[in-house]
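J.: Below are the structure tokens for one structure; questions will follow.
Values in this text are rule-based calculations from the coordinates and carry no lab data. These numbers come from a predicted model, not from an experiment. Cβ atoms come from the backbone with ideal geometry, glycine included; neighbour counts cover every protein chain shown.
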């Protein structure tokens, strides 16, 4: 056995000094590993500090969840809330709309319609499916091309397709004169 070890070390061409230093390092490694196993390390922390951190974390988590639910409520207003969201999102049933079909657009009075030629970003975001990005795109299109002459021009805005446009049509209006012209053209 010693002879095989000797020839192995000769093949590696390691000097005596290198063998001694490697041996010393291996012995130190084994001793430190053994001491690490024997010595039990105690966790040093203040439980009161961590209880306070957990309380703050729980409070901020609830605030973030409430904000998330508030934002999601804009994008799915007719859905029932998921478990745990019942307190954050309150849905009311409008007696006027309970008899209509699901695919029918909601009925909105002329005064409640949003004028897309004059509305600001906040007003545009009140429309279903229109968030900050779409509102910015509508305003940007309006600044580049002037007022909308037809509701169908919304199709030129990236991300607004025929389905979204159909959902928006009953909720938006153009300038009063332009809207009357469009109604006459459609008839």
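J.: Measure off 7 Å from each Cα along the Cα-to-Cβ vector at residue 133 and residue 14, then give the distance between these two points in nanometres to one decimal.
T.: Label-label distance for residue 133 and residue 14, simple model: 6.0 nm.
J.: Separate question: Which order do the peptides 127-140, 42-55, 6-19, 156-169 take when ranked by the mean count of other beta-carbon atoms within 10 Å per residue, highest first?
T.: Descending packing order for the listed peptides: 127-140, 156-169, 6-19, 42-55.
J.: If you don't mind, another one. Between residue 123 and residue 62, what's the calculated FRET efficiency when r is the beta-carbon distance and R0 is 25 Å? Round to 0.05.
T.: After rounding to 0.05, the efficiency reads 0.25.
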